[in-house]
Amino acid sequence: MREFFRYLQGYLKIKVWGYSPERFMNLCSNHHILLWDIARQEDCYTMYISLSGFYKLRPIVRKTGTRAAVLERYGLPFFIRKMRKRKIFALGLPCCLAFLIAMSQFVWAIDFEGNVSITDDVLMDFLAEKGIDYGVAKNKIDIEALEASLRENFDIVTWTSARIEGTRFIVKIKENDLAPDEAPDEKENWPGSNLIATQDGIVVSILTRQGVPLVTEGTPVQKGDVLVSGAVPVMADDGTVREYQFCHADADVSLVYEIPVHEEQPLMYEYKNYTNREKKDVFFSLGHKRYVLKLGDCGFLKYDTVLDTRQLCILNQIYLPFYYGFEVHREYLPVEAVYQENKAEALLNEKLSKNIVSLEEKGVQIIEKDVKIETAGNTLVMDGYMTVQGNDGKAQRIEAEQPVAENETESGSSQ
């Protein structure tokens, strides 16, 4: 802030030499004339002084037998003096400032942070539906309503935060790492639910929190078998089931089961051999319109195109709706090649390792893997299975049917 006021008032860099420069600086201090950034040279001193302070130096210079000379001038008064000779520039400067101030009232850049499953394109379409796009006025954005709408429309989003920095609109979100298997609203409308197996296996352990367990440790199950029933029987005095109380079965059921493994790796492949030849075209875009200035024809038969894009930004805060850069065309020659067998096997093992990592991230433990690799024509094939242990169970709706009383059954048969 001090530098800003100095700039408004104007200041000078001066050189002082002569009989007694030290006395000169002491008298300036006594007369409340501020000097700063004092540096000693071989036969003189250099320092900075305000423009108003410089006009008070004449009696001090005479009294101390020193001389002072101006080396450099800084500040708004000197800038205005220069602009008097450049009327067009002086007229254009306020117009430019007015344009920047007007453009700073709109959003010209939108960034997303924290999204993994939800792509930027999906979020951009969602914002467009809410009336938020490039060029929207900042005062028309209801940030609180937008944050609530994001959480409401995307179940995987657990936290949102939006803010405006300059002409940039930043949306931060946090996604739920574990998505629910069933929609909570759907289960709430069910009278009750069973927990059923989703695959064949053997029960290793079961911990029931709610419901009636129908399996124990060591029980073999098939896909669709009920592991825990959501119909809890209420017994009568004679030992028969009087009624059922329905609930949502909940338990941790661990199964040992097999996962089939099948991966293929072609031995023939094609890669791009870049020739280091490039062709650049200049482009610029204003808003959603893009213009390309082609600097000659591109004579490449095969090439990749890479965009080197920059957005005009002022003071790292004010983004303007002007983009520019290069379209870089990189020539390549397609080359056919053949994998060595050990290289192809390494690629297959890499695919298998990625599958194992994905399973372990879901809490599945790998007990055993039995795979073999064979050649089938121009393809290397991996077949086999993995024995794994993991939690299993899926909710299945049950109908609220109560048992028929025995006396009602007897009366119905006598008729």
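The values are calculated or read from the model by the stated rules, or taken from the named source; none is laboratory data. This structure is a prediction, so every number in the text was calculated from the model and none was measured. Here the Cβ positions follow ideal geometry from the backbone for every residue, glycine too, while neighbour counts run over all protein chains shown.
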(request) Answer yes or no: is there a residue in segment 3-13 that is more than 30 Å from Ile314 (Cα to Cα) and either in contact with a Phe, Trp or Tyr (Cβ under 6 Å, 6 or more places away or on another chain) or not in a strand (DSSP E or B) (or both). (result) no
(message) Go through segment 92-148 and report how many residues are polar (S, T, N, Q) and under 23 Å from Glu175 (Cα atoms).
(response) 3
(request) Could you list all residues from segment 207-249 that are more than 14 Å from Ser193 (Cα to Cα), modelled with pLDDT under 90 and either aliphatic (A, V, I, L, M) or crowded, with 18+ Cβ neighbours inside 10 Å (or both)? (result) Val234, Met235, Ala236, Val241
(message) Please count how many residues of segment 97-136 are under 18 Å from Cys313 (Cα atoms), among the small types (Gly, Ala, Ser) and touching a residue at least 24 places away in the same chain (Cβ under 8 Å).
(response) 3
(request) Output the number of residues of segment 48-71 satisfying the condition of being closer than 20 Å to Leu8 by Cβ and surrounded by 12 or more Cβ atoms within 10 Å (Cβ to Cβ). (result) 8
(message) Among the residues in segment 25-41, are any in contact (Cβ under 8 Å) with a residue 40 or more places away in the chain, aromatic (Phe, Trp, Tyr) and either part of a strand (DSSP E or B) or surrounded by 14 or more Cβ atoms within 10 Å (Cβ to Cβ) (or both)?
(response) no
(request) Say whether the condition of being among the hydrophobic types (A, V, I, L, M, F, W, C), in a loop (DSSP other than H, G, I, E, B) and out of contact with any Ser or Thr (no Cβ under 9 Å at 6 or more places or on another chain) is met by at least one residue in segment 308-321. (result) yes
(message) If I ask for residues that are assigned to a loop (DSSP other than H, G, I, E, B) and under 16 Å from the mean Cα position of the chain (by Cα), which ones from segment 131-166 would you list?
(response) Phe154, Ile156
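To keep it simple, each residue is scored yes or no on (1) among the acidic types (Asp, Glu); (2) over 30 Å from Thr387 (Cα atoms).
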residue	(1), (2)
Glu264	yes, no
Asp281	yes, yes
Leu293	no, yes
Ile314	no, yes
Gly325	no, yes
Tyr339	no, yes
Ala346	no, no
Asn349	no, no
(request) Select from segment 276-329 the residues that are of a type in the set (Val, Ile, Thr) and over 16 Å from Ile110 (Cβ atoms) and write down the one among them that is surrounded by the most Cβ atoms within 10 Å (Cβ to Cβ). (result) Val328
(message) Quick test of your reading of the structure: Phe169 fulfils all but one of (1) over 18 Å from the mean Cα position of the chain (by Cα); (2) over 26 Å from Ala395 (Cβ atoms); (3) not in a helix (DSSP H, G or I). Name the failing condition by number.
(response) (1)
(request) Collect the residues in segment 72-94 that are exposed (fewer than 11 other Cβ atoms within 10 Å of the Cβ) and either over 48 Å from the mean Cα position of the chain (by Cα) or at pLDDT 90 or above (or both), keeping them in residue-number order. (result) Arg84, Lys85
(request) Pick out, from segment 215-299, the strands (runs of 3 or more DSSP E) lying fully within it that include 3 or more residues that are touching a residue at least 12 places away in the same chain (Cβ under 8 Å) and within 30 Å of Glu368 (Cβ to Cβ). (result) 226-229, 250-266
(message) Criterion first (surrounded by fewer than 18 Cβ atoms within 10 Å (Cβ to Cβ) and out of contact with any Ser or Thr (no Cβ under 6 Å at 6 or more places or on another chain)) does Gly201 satisfy it?
(response) no
